[in-house]
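A.B. asks: This is the structure, below, for whatever I ask next.
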Amino acid sequence: MTSVKSVIQAPMVLNREITGKIRRRFVSQEDVVRGGMSSRPRGAERTPRVTQHVIHADREFVVVTFGKSLSFADIARYSMLLRANPAFRPTFSEIVDLTEVEEITVEADEFLKLADETDPFSPSAKRAFVAWTSAQNHAARMHKILRAQRNIEIFSTLEEAERWIRD
């Protein structure tokens with residue numbers, strides 16, 4: 001017996017293409033739950049989620065892992081999800097795993113906005129970035145420079161980052 005996946009009849013979303021034509025697409029239940037909309041055609045293979053995070057409320061820290069591409073929208077969505085989660089506290093520490101990121105499309109003005117407006121963590125929160133490549137290290141250093149009063153360090157392994165968070 002074949003199971004039928006139910007889809008919420010969500011509102012239609014209109015997007016203007018460069019040509020000025022209007023294209024219509026529908027938002028599925030999965031898209032609503034994960035906080036975004038998919039631009040892929042129906043039936044097309046799903047791509048893995050860009051960002052995953054886990055709140056360890058008992059140990060008072062968050063671990064976020066970003067996927068292959070990292071944009072301002074990805075970071076803003078992550079911040080919004082944290083703020084909406086009742087288990088999250090701004091004083092928690094954070095481990096940011098950038099090791100899977102291959103492309104970073106955050107502009108200089110967006111780095112400023114992230115540091116000044118979007119960041120959900122308090123100035124006293126410890127922040128550990130895990131980075132392997134020069135692009136990953138550059139992104140972590142940009143955040144560290146823009147949030148100079150923060151307790152931010154960059155590491156090459158998750159183990160080092162977690163050890164520093166615990167100390």
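The values are calculated or read from the model by the stated rules, or taken from the named source; none is laboratory data. Quick caveat, the model's predicted, so the values are computed rather than measured. So basically every Cβ, Gly included, is an ideal-geometry build from the backbone, and we count neighbours across all protein chains shown.
A.B. asks: Within region 115-132, does at least one residue satisfy the condition of being among the aliphatic types (A, V, I, L, M) and over 25 Å from residue 167 (Cα atoms)?
C.D. replies: Looking for residues that are among the aliphatic types (A, V, I, L, M) and over 25 Å from residue 167 (Cα atoms), one finds none in region 115-132, hence no.
A.B. asks: Related question: Being in contact with a Pro (Cβ under 9 Å, 6 or more places away or on another chain) and at pLDDT 90 or above narrows it down to one residue among 125, 131; which is it?
C.D. replies: Step by step, each of 125, 131 is checked, and only 125 is in contact with a Pro (Cβ under 9 Å, 6 or more places away or on another chain) and at pLDDT 90 or above.
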